[in-house]
Amino acid sequence: MEWFRLLTSFVPERVLLHFTKDDVVRVLEVTWKFVRSSVLVPFLNICVHVCLIMSIMVFIERVYIGVVILFVKLFGWKPEKRYNFEEIEVDVEKGNSNYPMVLVQIPMYNEKEVYKLSIGAACGLSWPSDRVIIQVLDDSTDPIIKDLVELECQKWASKGINIKYETRDNRNGHKAGNLKQGLTHSYVQDCEFVAILDADFQPDSDFLKKTVPYFVHNPEIGLVQARWEFVNANENILTRIQEMSFNYHFRVEQEVGSFTYTFFGFNGTAGVWRMSALNEAGGWNDRTTVEDMDLAIRASLKGWKFVYVGHIKVKNELPSTFKAFRFQQHRWSCGPANLFKKMIMEIIWNKRVNLWKRLYIIYSFFFVGKIVAHVNTFIFYCVIIPATVFVPEVQVPKWGLVYIPSIISILNAIETPRSFYLVFNWILFQNVMSMHRTKATFIGLLDAGRVNEWVVTEKLGDALLKTKDSTKRAITKEPSQKSRMRRFRERIYPLELWVGLYIFICASYDLAFGKYWYFHYLFGQAVAFFIAGFGYIGTQIPN
């Protein structure tokens, strides 16, 4: 009765004489029906139609890419057939001078677990020692790690390797600032090309021999990008799902971009740049958290061509903890959106590249690939569709609800056949991450909040094995109650839990009163949000 007294407290007493509780209920029912029919239903219908349009945009883009990659593979249109490629050989008269001078940059930041891997792999490259410079750019803030990295460089220098250990007194610009500072040293002026390898990347010894010849015989090429191969893809369900997404990106998206438009986003590592192309584009810029994409677009707008060589694989590590993966995805979603905002007019008014290429960069690469895909996935599948169970007047056509997402998912998973049985898990997890990506996308577009947040992706190397061994040795030592509570709080992600609760309520209502049977999907999606919200995905590292 409390609600009735509160409601009637605003009504004059003379009116209340003829106003009963049943009358209030009827007024509320009429009001709700009016609001539902005139506001809620039209609003949800508009949302559904907008989301369906975005779904069609993504669908057309994926099908188009699928058709192109099919022709590329059927006709064997490989880079070495499209461009002049001849291996560089030692000239009897000129000796090693026939080989161009190459700089190999390895940016680092407190990379305790992996620094030896990348330095060792770079120092093992099959290239004349007097024609290559290994440059370790150490931004570490931990003095112990800095000493370890410097000692590793000294060890290789004692073996005759031309390796330089460089530091700076600040971290301005993060990775972009570090790479930019590295190019200011006098010994770099003699280098024609620069290869970039992140701290966990381990190229094969013939990496330079397979990439540099593209530049030597094709002066219009500014970038050669190799493919990533993951050493820890089988570690857990999180890395398996990431592998599916990355395989599609590398084997399909970048292959098509390279073949059709000679453009794709530089991946920030496992690639080689022509120094003149890098300089003409304006060098490294730290205005966003995707300095690699920024450089690639500026170089492309100058007319330089990019080549993707998928048969050259460089080993590296996927983020295996959910926390590290979330930080990485925030940077990779926020940065492109922010860069799109800052560069769209520059791309539109550029006169050095054709209209077709500019349209591809603006519409396909940025708008559909970096904005629409994220926003539509979360808004449509995690907000609008669950909401429609309360309003059966709003109907989602089967082609938009089932057929389009199914085809898109199959196209994505087909490049990883060994994990095809995980496609449903991949769908649910991508929907969970779409919330995080959508939030980051709007932060980037609005240039607000964590827009410039840069968190280096945590690498574990063999730390997990060491942790397991130490845990076994100390099995009798119980963690304190305070330690357990701290670890539990660190694993909780409230936003995922709230969205999971919303979807669970929608699923329960649909099970009890609905008519569209959405609850089969909604319960699974709610569980996926709960699993992520409680941090029960990925590698768990004991404190």
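The values are calculated or read from the model by the stated rules, or taken from the named source; none is laboratory data. None of these values were measured; they are calculated from a predicted model. Here the Cβ is made from the backbone with ideal geometry for all residues, glycine too, and neighbour counts use every protein chain on show. With ligands, DNA and RNA removed, areas are computed over all heavy atoms of the protein, side chains included. Shrake-Rupley method; radii C 1.70, N 1.55, O 1.52, S 1.80 Å.
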Exercise for the section: Treat every Asp and Glu Cβ in region 97-215 as -1 and every Lys and Arg Cβ as +1, leave all other atoms uncharged, and give the resulting dipole magnitude about the Cα centre to the nearest 20 debye. Expected result: 180 debye
Problem - Folded to 0 to 90 degrees: helix 291-301 orientation relative to the chain principal axis, Cα - result: 70 degrees
Fill in the blank from the handout: Given 225-235, 253-263, 162-172, the highest-first ranking by average Cβ count within 10 Å works out to 253-263, 225-235, 162-172
Practice task
Please report, in debye to the nearest 20, how large the charge dipole of the chain is about its Cα centre when each Lys and Arg carries +1 at its beta carbon and each Asp and Glu carries -1 there.
Solution key: 1100 debye
Exercise for the section: For region 98-173, take the alpha-carbon Rg, divide it by the Kirkwood Rh, and send me Rg/Rh. Expected result: 0.98
Exercise for the section: Could you let me know the centre-to-centre spacing of region 104-182 and region 252-280, using Cα atoms, in angstrom? Expected result: 24 Å
Handout entry: For PHE266, net neighbour charge (Lys/Arg +1, Asp/Glu -1) across residues whose Cβ lies under 10 Å away
Key = -3
Completion exercise
Between the residues LEU197, ASN218, TYR187, the Cα farthest towards the positive end of the dipole of region 181-265, that dipole coming from +1 and -1 charges on the beta-carbon of Lys, Arg, Asp and Glu, is from ASN218
Exercise for the section: Please label the shape of region 140-285 as rounded, prolate or oblate, based on the square roots a ≥ b ≥ c of the eigenvalues of the alpha-carbon gyration tensor (a/c under 1.5 means rounded; beyond that, a/b larger than b/c means prolate, else oblate). Expected result: oblate
Practice task
Using only C-alpha atoms and all pairs of different ones, pull out the Kirkwood radius for region 235-310 in Å with one decimal.
Solution key: 13.5 Å
Exercise for the section: Averaged over every viewing direction, what's the projected area of the C-alpha convex hull for region 75-201? Give it in nm², one decimal, please. Expected result: 10.2 nm²
Completion exercise
So the compactness index of the chain, its C-alpha Rg divided by 2.2 N^0.38 Å, takes the value 1.14
Exercise for the section: Label region 368-453 by shape, choosing from rounded, prolate and oblate, from the square roots a ≥ b ≥ c of the eigenvalues of the Cα gyration tensor; if a/c is under 1.5 it is rounded, and otherwise prolate applies when a/b is larger than b/c, oblate when it is not. Expected result: oblate
Practice task
Can you tell me the 0 to 90 degree angle between the C-alpha axis of helix 41-74 and the longest principal axis of the chain, rounded to 10?
Solution key: 30 degrees
Exercise for the section: Note down the relative contact order for the chain as a percent, whole number, built from C-alpha pairs under 8 angstrom at least six residues apart. Expected result: 16 percent
Exercise for the section: Using a 1.4 Å probe over the heavy atoms of the protein chains, calculate the carbon and sulfur portion of the accessible area of the chain as a whole percent. Expected result: 61 percent
Practice task
Might you tell me the accessible area per residue for the chain, computed with a 1.4 Å probe and given in Å²?
Solution key: 48 Å²
Completion exercise
Sorted on mean Cβ neighbours within 10 Å (highest first), peptides 385-394, 151-160 come out as 385-394, 151-160
Practice task
May I ask which residue of LEU40, VAL63, VAL90 lies farthest towards the positive end of the charge dipole of the chain, with charges of +1 (Lys, Arg) and -1 (Asp, Glu) on Cβ and the Cα centre as origin?
Solution key: LEU40
Fill in the blank from the handout: Gyration tensor on Cα atoms of region 30-144, a ≥ b ≥ c root eigenvalues, a/c under 1.5 rounded, else prolate if a/b beats b/c, else oblate, says oblate
Exercise for the section: Note the angle between two axes, namely the Cα long axis of helix 21-35 and the longest principal axis of the Cα atoms of the chain, as a number of degrees from 0 to 90, rounded to the nearest 10. Expected result: 40 degrees
Problem - Heavy-atom accessible area ranking, 1.4 Å probe, most first, across LEU238, LEU495, LEU74 - result: LEU74, LEU495, LEU238
Completion exercise
For region 202-305, averaging the sequence separation of alpha carbon pairs under 8 Å that lie six or more residues apart and dividing by its residue count, the contact order in percent is 31 percent
Completion exercise
Once LEU70 and SER186 are pulled to full extension, the length gained, defined as 0.36 nm per residue separation minus their Cα-Cα distance, is 37.1 nm
Problem - Size of electric dipole in region 278-364: Cβ of Lys, Arg +1 and of Asp, Glu -1, about Cα centre, debye, nearest 20 - result: 200 debye
Problem - Two-decimal log10 I(q)/I(0) for region 200-268, as the Debye equation yields it once each C-alpha is a single scatterer, q = 0.22, 0.25, 0.29 Å⁻¹ - result: -1.09, -1.22, -1.30
Fill in the blank from the handout: Note, ASN376: beta-carbon cut-off 15 Å, +1 each Lys/Arg, -1 each Asp/Glu, net +3
